[in-house]
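The structure appears below as structure tokens.
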Amino acid sequence: MTPPKIALLGAILESNRFAPPAELVDFTSLTWLAGDALLSEARATTPRLATEFAAFVRAMDATGDWTPVPCMLAASHPAGPVRKAVIEEVIATSEDMLRAAGPVDAVYICNHGAMVAEHDHDPDGLLMSRIRGVVGPDVPITATLDLHANISQRMVEACDLIVGYRTNPHVDQIERGEEIAFSLRRILASGVRPKIAHVKLPLVPASVTLLSAEHPYGTLIDLGQRRQAEYRGAILNVSVFGNFLFSDTPDNGLSILVTAREHEGVANALAVELADMAWSLRKDFVRQLTSIEEAVAISSGQDRSPVIFSDAGDNPGGGGSGRTTELLAALHAAGVSNCLFGSFCDPELASEAHRVGVGDRFKARFNRSCDTRVSWAKWDLPFEADAEVLALHDGDVVGERGMTAGRRLALGPSAALRIGGITVVVISDRTQTADPVFFHMLGLDITSARTVVVKSRGHFRAGFSNWFSANEVFEVDTGGLTSPVHDRWPFTHLPRPNYPMDEDTAWPG
């Protein structure tokens, strides 16, 4: 039997409509790989690219002969809408490489699913439909997506199988990459094309309510997995996509995707059942945050266990700048001690710390070059404090725990600065602090801190679970590009009515 010829490609970006546009440099500085270089990086011991992509390649390598056709994989940290020229170059390059390779037996697409372009609300679906146009109607197309994807009908119509993450924090990318590989082997062996059922609800929860280990999102995901098992092989996959609120698109809304091996009716029945359950839980998709004043009071208390704060309004993992100073300034003004704060993205400050050197002191000026007149930088206020340089690092590290475990990170020149009772980690690459390596690379001891602050929305929970239980985690209501409070944002494209923005929303309408 001739080994299957599988095309590999993808474009990974979670778009925050209110953040600066995603430029070419945002991709080339993270992942911009094509051809043999793409395949080589996927097979590296500690790859720099998406974990599920590398897992797919490893799983295919382990399960038999195959002929990979590596086209192009581009990825950026979360940012604003991607420039038209950038996404068109990614798509055109993959199309050209596919045509040059000749007929393929299948395609694997590694996307995020919440991308927005300056000219298109759904560039994920655009890419998928364009690839379908190249390979034709008879070639299976599979895809992995983040569970924050905004599922469009264009995506569903272009693909035969879409698999979403099941965990938030995201720690199952390896399993999902392997699942796609194993499923694709079965699809090719059987010759039977799967059938996808899609139900979208007028429910647009913020990401803080989409933790898979907690109710209600975890309850819904767990039900889907139990029901899939009960169907005894008739269901290939159940994915519950929570949506990404800040994309602000007509395709926002919680989506249920159920893929049957061959019988569409089975998939439809289960998708409707899960959608009914999700709608019955809609009021539970609302979460109260901790105020800055409460956070300061907690940090100032002496008779307590250690705590970790999420600077929820400034999560680089959702398009945040990583530069807001509101919480840092409040903690410093209150004289909070024994506090680790990570990580502030300020290349200029990090560079100055490297020039000053370990052990020396200087006036640390945060955000010295930010133009707060720009809408997406209005929270990046200047802040100054006397600082001592405690440690320096080049930022080239490998993740230790959680979503980045085993993945190589390039954080750029980094420094640990002590300002009063707070030690601030300063990095040069805008990355959320979801992994303890941000502190460990600088020799900082998490166990010795009474308060830890991270610029991360939820993924830090997996990275720091060794130190903090669920009742020691607080999401602080800070300003910034990822503030999860619906009525603070001028949404213009979200489907209306929706819950929770419109309390009287009915479904089915």
Exercise for review: Take residue 230, project a point 7 Å from its Cα along the Cβ direction, then tell me which residues of region 256-270 have their backbone nitrogen under 16 Å from it.
Suggested key: 266-270
Review point. So between residue 506 and residue 386, what do we pick up on full extension, going 0.36 nm a residue minus the alpha carbon distance?
Key: 37.7 nm
**Study point:** All lysines inside 20 Å of residue 200 as judged from Cα atoms, apart from same-chain residues fewer than 8 positions distant
**Key:** 283
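Working out 0.36 nm times the residue gap between residue 288 and residue 37, then minus their Cα-Cα distance, what length gain in nm do you get to one decimal?
Separation in residues times 0.36 nm, less the Cα-Cα distance, equals 85.8 nm.
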Point to revise | Calculated Rg and Dmax of the Cα atoms in Å (choose from (1) 27.8, 106; (2) 22.7, 71; (3) 24.8, 73), label | key: (2)
Review point. With the contact rule set at Cα under 8 Å and sequence spacing of 6 or more, what percent relative contact order holds for the chain?
Key: 16 percent
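Taking all protein chains together and a probe of 1.4 Å, list 375, 300 from the most accessible to the least accessible.
375, 300
Ordering 93, 63, 492 by accessible area with a probe of 1.4 Å, largest first, what comes out? Spell out each step's value before the answer.
Working: 93 40, 63 65, 492 105 Å².
Reading off the accessible areas and sorting them downward yields 492, 63, 93.
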Revision key, fill the gap. Given a 1.4 Å probe, the accessible area of the chain per residue, as a whole number of Å², is 36 Å²
Review point. Among the lysines, which fall within straight-line cross-link reach of residue 195, defined as a Cα-Cα distance under 28 Å, with same-chain neighbours fewer than 8 residues apart omitted?
Key: 5
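To the nearest 0.05, how large is the calculated FRET efficiency for residue 119 and residue 222 if R₀ is 41 Å and r is the Cβ-Cβ distance?
0.55
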Exercise for review: Show which lysines lie in cross-link reach of residue 455 when reach means a straight Cα distance below 19 angstrom and same-chain residues fewer than eight apart are skipped.
Suggested key: 378
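Given a 1.4 Å probe and every protein chain left where it sits, what share in percent of the accessible area of region 352-509 is carbon and sulfur?
That fraction is 48 percent.
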Review point. Full extension from residue 303 to residue 447: what is 0.36 nm times the residue separation minus their Cα-Cα distance, to one decimal in nm?
Key: 50.2 nm
Practice item. Return the distance in nm (one decimal) between the two label points of a simple spin-label model at residue 263 and residue 333, each offset 7 Å from Cα along Cα→Cβ. Key: 6.4 nm
Exercise for review: Work out the FRET efficiency for residue 45 and residue 466 from their Cβ-Cβ distance, taking R0 = 25 Å, and round it to the nearest 0.05.
Suggested key: 0.55
Practice item. Mind giving me the nanometre distance, one decimal, between the label points for residue 92 and residue 369, set 7 Å out from Cα along Cα→Cβ? Key: 3.1 nm
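The values are calculated or read from the model by the stated rules, or taken from the named source; none is laboratory data. Everything quoted here is computed from the prediction, not taken from an experiment. So basically every Cβ, Gly included, is an ideal-geometry build from the backbone, and we count neighbours across all protein chains shown. These accessible areas exclude ligands, DNA and RNA; they are computed on the full protein's heavy atoms, side chains included. Shrake-Rupley method; radii C 1.70, N 1.55, O 1.52, S 1.80 Å.
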